[in-house]
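Comments concern the structure below.
The values are calculated or read from the model by the stated rules, or taken from the named source; none is laboratory data. Keep in mind that what you see is a predicted model, and the values were worked out from it rather than measured. A quick note on method: Cβ atoms are made from the backbone with ideal geometry, for glycine too, and the neighbour counts reach across all protein chains shown. What goes into the accessible areas is simple: the full protein's heavy atoms, side chains included, and nothing from ligands, DNA or RNA. Shrake-Rupley method; radii C 1.70, N 1.55, O 1.52, S 1.80 Å.
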Amino acid sequence: MAESFPPGLQGRLLWAIAIAFSVFQIATAAHFVDFPSQVVRAVHVGFLMLLVFPLIANARRAGPLVLAAAWALALAGVGVALYQWLYYDELLLRAGDPNRTDIIVGIIALVTVFLAAWAEMGIALPLISGAFLAYALFGQYAPGLFQTRGYDLSQVIEQMAFGTEGIYGIPIYVSSSYIFLFILFGAFLEKAGMIKLFTDVSLGLVGHLLGGPAKVAVVSSALMGTISGSGVANVVTTGQFTIPLMKRFGYRAAFAGGVESTASMGGQLMPPVMGAVAFIMAETLGVEYIEVIKAAIIPAILYFGAAFWMVHLEAGKRGLVGMSEADLPSPRRALIEGWYLLLPLAVLVWLLFSGTTPLYAGTIGLALTIVLILGASIALGMPAGVIRAIVWIGLGLACAWIFSNDLRYAMPLVGGLVGLLVLANLLTRGGRETLRICVDSLADGAKTALPVGVACALVGIIMGTVTLTGVATTLGSVIVSLGQGNLFLSLLLTMVTCIVLGMGIPTIPNYIITSTIAAAALLQLGVPLIVSHMFVFYFGILADLTPPVALACFAAAPIARESGLKISFEALKIAAAGFVVPFMAVYAPALMLQDGGPLAAAIGYWPAVAYIFVKTVLAMGLWGIAVIGWMNRLLVPWERVLAMLTSFTLIYAAPWSDGVGVVLAALFIGWMWTTLRKARTA
């Protein structure tokens, strides 16, 4: 049984439920069984409720009464799912006219989701969602612009607890369709040894540099981000190695935790998997997921580049040297030994860029990862040499033949191949151990998906309220009026909203609330829609590092043996240079590979992208120098102010500001070079 589940009979039962959850999601994704979308969403939420309450009660060592209440709530959640499933046709026929039983079931659905979110992530998000729900019920008493025509209880309950709005809206659709599969994909790759491969490559590449251990954390988290879109999951996987490593080489515990938290949160922005928000964004905007990847790829590189740069500056300021090259693994050898682990990731990228849906790509990527694990178990059980090579070649040819067929038949063919490999593994002791690992991966993946799923269910209430009342338009007009048509001021207000919300809720609800409020306002000011959503997404990630909640930082706290609050303050400092990127993207959308505007018309699209990229790197670099106060020597206050002013002028995209910024940058770099040269010759 997976170690992350409690011991005893309850633990075994919850472990079995988690496996059933994963099997259900795989079966519906692969179309081995077909249900209406509404039923899939309802069963998905039912499984979430069935696992969340007992797992949290066991984790908190609750007494018999609390444990009984937890199971009662769990079963109530299952009852709601069964009601939606069994009476699906009848609910469709009486849509708009719910009966008394429908309203009672709807209230139970709302209560269980609110309590699950409270238990899982604290009171902040339930309070915010509760405020939106109260607005839907009592908006007719609101003042001025915010007054609604009023909606009765049955109308609000139907909006929130039935149909494809509210709890079962776009966020839970994305959770049940895409997010769960990609979390399973990452869980299986971790079991296959991907973490060791990423760690060895990172150590070999940057471990010997100035501040090497911290740079290893940044690089390994960036690599880990390609298969895991969860910041907290990245912290507890790569952080188990990188945080103690940094502490051993002289880094303060808070700084070590801050580096890992900052780098791990970037996993939500790193293609191809990204975080749950990316899938929600694609569905909300009605664009293909590949368009979101295209918009995110340069900001993701810049995010990790900014973290790497801040680590370098901090290491130089504190004199933290790198590791001995003799003690480091060879990245070339690590890739030679583990290259095959990259195959499922390569297939996933190929499928996404070839135009298939994320659902199909995630299902095939997961299936091929399982093929890889089970096939490796069989191959390793064979004598080394020709026979082992024949097994690998046979598996490769089988997969190639599957993909040479019509894509409609690929899913059942891959399923058949997995079935044959399972039977083959049952015949050997090592194979049976491998199968246990795969089963545990199913359970661990389901458990990892719980916080995301619960958050998606609850924020659906916010979206349901916005759809019902039209409050987003009102709030957008308020932002525009406060900004008085000034784009920079409107961006600052949006950023502050993201940061404030980040003090209480995680990235998904943060994105949904702020994009609902701010995206329309920014669109009125000429910001392309996908850029405005990415702006909010980016600051939602940075907001998740802000105290007092800072989930990633508190996940790092027990590993670093330091206060989560101290870690979050360090994380904000490390992420400071990253604050430049979203502002630059708004003023120059080419940074997100969108329309290049007048600059692209004048010099060409790709030269415009290159120009904006270089300018952003320069602005980030100067901002980092100003924040840390070091560049091969300690800076005096006026030098830090000059670096900061230069960065600001480069952020503001206008011909005059670019000219001033380049001149100031040249002056600053020239001054630093001259003073450092004098210091060396002295």
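Assuming 0.36 nm per residue, please report the length gained on full extension of the stretch Leu523 to Leu645 beyond their Cα-Cα distance.
Working: separation 122, 0.36 × 122 = 43.92 nm, distance 2.82 nm.
In short, 41.1 nm is gained.
Order of 31-41, 622-632, 90-100, 206-216 by packing, highest average Cβ count within 10 Å first? If you can, show how the numbers build up before the last one.
Details: 31-41: 15.2, 622-632: 22.3, 90-100: 12.0, 206-216: 25.1.
Result, highest mean first: 206-216, 622-632, 31-41, 90-100.
Report the percentage of all Cα-Cα pairs in the chain whose separation exceeds 48 Å, rounded to a whole percent.
17 percent
Based on alpha-carbon positions alone, could you give the equivalent ellipsoid semi-axes of region 548-599 from the gyration tensor, as √(5λ), descending, whole Å?
Working: eigenvalues 250, 18, 11 Å².
Values for region 548-599, descending: 35, 9, 7 Å.
Using only alpha carbon positions, build the gyration tensor of region 228-376, then give the equivalent ellipsoid semi-axes as the square roots of 5 times its eigenvalues, largest first, whole angstrom.
On the way: eigenvalues 199, 90, 34 Å².
Taking √(5λ) for each eigenvalue gives 32, 21, 13 Å, largest first.
Which whole-number value in Å³ per residue fits the convex hull of the alpha carbons of region 497-625?
Working: hull volume 13.5 nm³, N = 129.
Hull volume over Cα atoms, normalised by residue count, gives 105 Å³.
Using only the Cα atoms of region 283-366, build the gyration tensor, take square roots of its eigenvalues as a ≥ b ≥ c, and label the shape rounded, prolate or oblate: rounded if a/c is under 1.5, else prolate if a/b is larger than b/c, else oblate.
Oblate shape, in that a/c is at least 1.5 and b/c is the bigger or equal ratio.
Give me the 1.4 Å probe accessible area per residue for region 484-545, excluding ligands and nucleic acids, in Å².
Per residue, region 484-545 has 27 Å² of solvent-accessible surface.
Scan around Trp630 for amide H atoms under 5 Å from its own, H built in the peptide plane at 1.01 Å from N, and keep only partners 5 or more places away or cross-chain.
Leu635
Can you compute the FRET efficiency between Asp595 and Val500 using 1/(1 + (r/R0)^6), with r the Cβ-Cβ distance and R0 = 45 Å? Round to the nearest 0.05. Kindly include the intermediate steps, with their values, before the conclusion.
Details: r = 31 Å, r/R0 = 0.69.
My answer for the efficiency is 0.90.
In whole angstrom, note down how far apart the Cα centers of region 220-299 and region 510-565 are.
13 Å
Assuming R0 = 30 Å, what is the FRET efficiency of Leu423 and Val66, from their Cβ-Cβ distance, to the nearest 0.05?
Working: r = 44 Å, r/R0 = 1.46.
FRET efficiency, Leu423 to Val66: 0.10.
Can you tell me the order of 356-366, 289-299, 59-69, 424-434 when each peptide is scored by its average per-residue count of other Cβ atoms within 10 angstrom, highest first?
On the way: 356-366: 24.2, 289-299: 21.0, 59-69: 11.6, 424-434: 14.3.
Going by the mean number of other Cβ atoms within 10 Å, highest first, we get 356-366, 289-299, 424-434, 59-69.
Give me the dipole magnitude in Debye, nearest 20, for the chain about the Cα centre, with unit charges on the beta carbon: positive for Lys and Arg, negative for Asp and Glu. Please report the intermediate quantities before stating the final value.
Numbers: 33 positive and 30 negative charges, 411 e Å.
Taking the Cα centre of the chain as origin, the dipole is about 1980 debye.
In a shell of Cβ-Cβ distance under 12 Å around Ile567, excluding Ile567 itself, what net charge do Lys and Arg (+1) and Asp and Glu (-1) give?
Details: positive: Arg252, Arg561, Lys566, Lys573; negative: Glu260, Glu562, Glu570.
So the environment of Ile567 carries a net charge of +1.
Which log10 I(q)/I(0) values does region 598-682 give at q = 0.11, 0.18 Å⁻¹ under the Debye formula, counting every alpha carbon as one identical point scatterer?
Log-scaled intensity ratios, in q order: -0.35, -0.77.
In Å², what does the accessible area per residue of region 145-233 work out to with a 1.4 Å probe?
On the way: 2470 Å² over 89 residues.
On a per-residue basis, region 145-233 sits at 28 Å².
With just the Cα atoms of region 52-138, tell me how far they stretch along each of the three principal axes, in Å, largest first.
Largest first, region 52-138 extends 45, 31, 16 Å along its Cα principal axes.
To the nearest µm²/s, what D does Stokes-Einstein give for region 129-204 at 4 °C and 1.567 mPa s, using the Kirkwood radius over alpha carbon pairs as Rh? The partial results should precede the final answer.
On the way: Rh = 16.2 Å.
This corresponds to a translational diffusion coefficient of 80 µm²/s.
Rounded to whole Hz and in sequence order, give me ³J(HN,Hα) for region 447-453 from the Karplus expression 6.51 cos²θ - 1.76 cosθ + 1.60, θ = phi - 60°, writing x for Gly and Pro.
Residue by residue, region 447-453 yields 5, 5, 6, 4, x, 5, x Hz.
Once you list every other residue whose beta carbon is under 14 Å from the beta carbon of Phe53, what net charge do they have if Lys and Arg are +1 and Asp and Glu are -1? Spell out each step's value before the answer.
On the way: positive: Arg60, Lys447; negative: Glu120.
Once all neighbours under 14 Å are counted, the net charge is +1.
Count charges around Phe308 for me, please; just the other residues with Cβ under 12 Å from its Cβ, Lys/Arg as +1, Asp/Glu as -1.
Details: positive: Lys215; negative: Glu314.
Result for the local shell: 0.
With all protein chains present, how much of the accessible area of the chain (probe radius 1.4 Å) comes from carbon and sulfur, to the nearest whole percent?
Summing carbon and sulfur atoms, their accessible area is 69 percent of the total for the chain.
What share of all Cα pairs of region 1-145, in percent, falls into each consecutive 5 Å distance bin?
The calculated distribution, bin by bin, is 2, 8, 15, 17, 18, 16, 12, 7, 3, 1, 1, 0.
Hey, how many Å between the Cα centroid of region 164-213 and the Cα centroid of region 48-117?
Spelled out, the Cα-based centre of one part sits 30 Å from the other.
When ranked by the protection proxy of mean other Cβ atoms within 10 Å per residue, highest first, what sequence do the peptides 5-16, 316-327, 448-459, 151-162 form?
Working: 5-16: 15.5, 316-327: 13.4, 448-459: 26.8, 151-162: 20.1.
Ranked by mean Cβ neighbours within 10 Å, highest first: 448-459, 151-162, 5-16, 316-327.
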